1. With the structure loaded, tell me whether I225 is farther than 22 Å from S160 by Cα, touching a helix residue (DSSP H, G or I) at 6+ places or on another chain (Cβ under 9 Å) and assigned to a helix (DSSP H, G or I) or whether it fails that test.
2. Test T230 against the criterion of being closer than 25 Å to I252 by Cα, at pLDDT 85 or above and loosely packed, with under 14 Cβ neighbours inside 10 Å, and give yes or no.
3. May I ask you to verify whether F41 is crowded, with 16+ Cβ neighbours inside 10 Å, in contact with a strand residue (DSSP E or B) (Cβ under 7 Å, 6 or more places away or on another chain), in the same structural domain as D92 (by TED's automatic domain parsing) and among the aromatic types (F, W, Y)?
4. Being at pLDDT 95 or above and of a type in the set (D, E) is the filter here, so list the residues in region 6-58 that pass it.
5. Go through S160, S194, S125 for me and flag whichever is hydroxyl-bearing (S, T, Y), touching a Gly at 6+ places or on another chain (Cβ under 9 Å) and either on the phi > 0 side of the Ramachandran plot or at pLDDT 80 or above (or both).
6. If you scan region 147-167, which residues turn out to be assigned to a strand (DSSP E or B), touching a helix residue (DSSP H, G or I) at 6+ places or on another chain (Cβ under 7 Å) and either surrounded by fewer than 20 Cβ atoms within 10 Å (Cβ to Cβ) or not hydrophobic (A, V, I, L, M, F, W, C) (or both)?
7. Any chance region 94-102 includes a residue that's surrounded by fewer than 16 Cβ atoms within 10 Å (Cβ to Cβ) and in the same structural domain as T20 (by TED's automatic domain parsing)?
8. Within region 199-212, can one find any residue that is buried (at least 19 other Cβ atoms within 10 Å of the Cβ), at pLDDT below 90 and not assigned by TED's automatic domain parsing to the domain that holds E130?
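The values are calculated or read from the model by the stated rules, or taken from the named source; none is laboratory data. What you are looking at is a predicted structure, and each value in this text was computed from that prediction instead of being measured. Counting neighbours? That spans all protein chains shown, and the Cβs are built from the backbone with ideal geometry, glycine included.
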Amino acid sequence: MPSLFMNKMRVSVPEGAVLTFLPDENGDPVMAEYNRHRIRFGIGGVWFETSEDVVMFIKDSFFATFHANPMNATADDTDEFKQRALTGPPFDKAELFPLIFDFMVRKREDCQSVLRTVMLTPEQSRELDEIENFLFPCAEPLGNQRHISVTGPKFLLHPSTGNAMVAVLPAYRQNNMGDYVGEHGGDFVYHEHSSLCKDPRFVKLVADYQNSTRKKKHVSNPEMIQHLNTEYGIDSKPITEDVIRHCEIVRIKRGEPFAVMSDEESGTCFLSVLTELDGSLDWSVA
């Protein structure tokens, strides 16, 4: 019997089971019409059914491209129902595809939706990497592109452990003159820009500095620093070599939910990385 990861647990379903993923209609006749035109994909012994509208919403996805190719049509196709059996990797195993189809439906309803919303094992997270990059080629950012992709944030991974890495910005405090200064002196970035901490381009700048055997003479990538300052709109309170020098790298196990939280103690403002779920915080999954 195929095993599926659904609602944070593994469940077994009969061979040939049909799982349906559709947007809520909420009495909307237009959405009801969209949901009337459906397509099923056979994956790992299970049929995943959704609307053609959901499939075509992410235009560059494998499913959209596959469905739009006339050569993949069959004699049994109708205007309202189509069926496609997929074989070979990554379609030989159905376990994580409920996450994929649930994401596609949520993305159709809200463009800010992300793929990873629940805790995964490290093995599941790495397997989902492969599925994600195959189905959504636009999920892999290139060069200077923003780290937020169609499926959500991408993280810099440690080369040997595979853990996700976050770069925590330096602490700062308000002095007697009412000015904010870095706790270590020099420049700093206000914690309102804590999204930098998860950006793999910024994390790489910090990791490269920490891995340098000649730290005093290490020079970070000035082009990337300027690019990030411009992209995040922080030219007035910019990233500098001094900021990079005083960041801390935190490693997070793959599949683990985490949040970067700002706090203040005795006049010192600092960031910390939490890995215990709290509904009031904005969680990412490594």
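1. Values: farther than 22 Å from S160 by Cα: yes; touching a helix residue (DSSP H, G or I) at 6+ places or on another chain (Cβ under 9 Å): yes; assigned to a helix (DSSP H, G or I): yes.
Spelling it out, I225 is indeed farther than 22 Å from S160 by Cα, touching a helix residue (DSSP H, G or I) at 6+ places or on another chain (Cβ under 9 Å) and assigned to a helix (DSSP H, G or I).
2. Details: closer than 25 Å to I252 by Cα: no; at pLDDT 85 or above: yes; loosely packed, with under 14 Cβ neighbours inside 10 Å: yes.
For T230, the condition - closer than 25 Å to I252 by Cα, at pLDDT 85 or above and loosely packed, with under 14 Cβ neighbours inside 10 Å - is not met.
3. Answer is yes for this residue.
4. Those that are at pLDDT 95 or above and of a type in the set (D, E): E15, E49, E52, D53.
5. Result: S125 is the single residue among S160, S194, S125 that is hydroxyl-bearing (S, T, Y), touching a Gly at 6+ places or on another chain (Cβ under 9 Å) and either on the phi > 0 side of the Ramachandran plot or at pLDDT 80 or above (or both).
6. Here is the first cut: in region 147-167, the residues assigned to a strand (DSSP E or B) are 148-149, 152-153, 156-157, 164-167.
Then keep just the ones that are touching a helix residue (DSSP H, G or I) at 6+ places or on another chain (Cβ under 7 Å); that gives 149, 153, 156, 165-167.
Of everything in region 147-167, those that are assigned to a strand (DSSP E or B), touching a helix residue (DSSP H, G or I) at 6+ places or on another chain (Cβ under 7 Å) and either surrounded by fewer than 20 Cβ atoms within 10 Å (Cβ to Cβ) or not hydrophobic (A, V, I, L, M, F, W, C) (or both) turn out to be S149, P153.
7. no
8. No, region 199-212 has no match at all.
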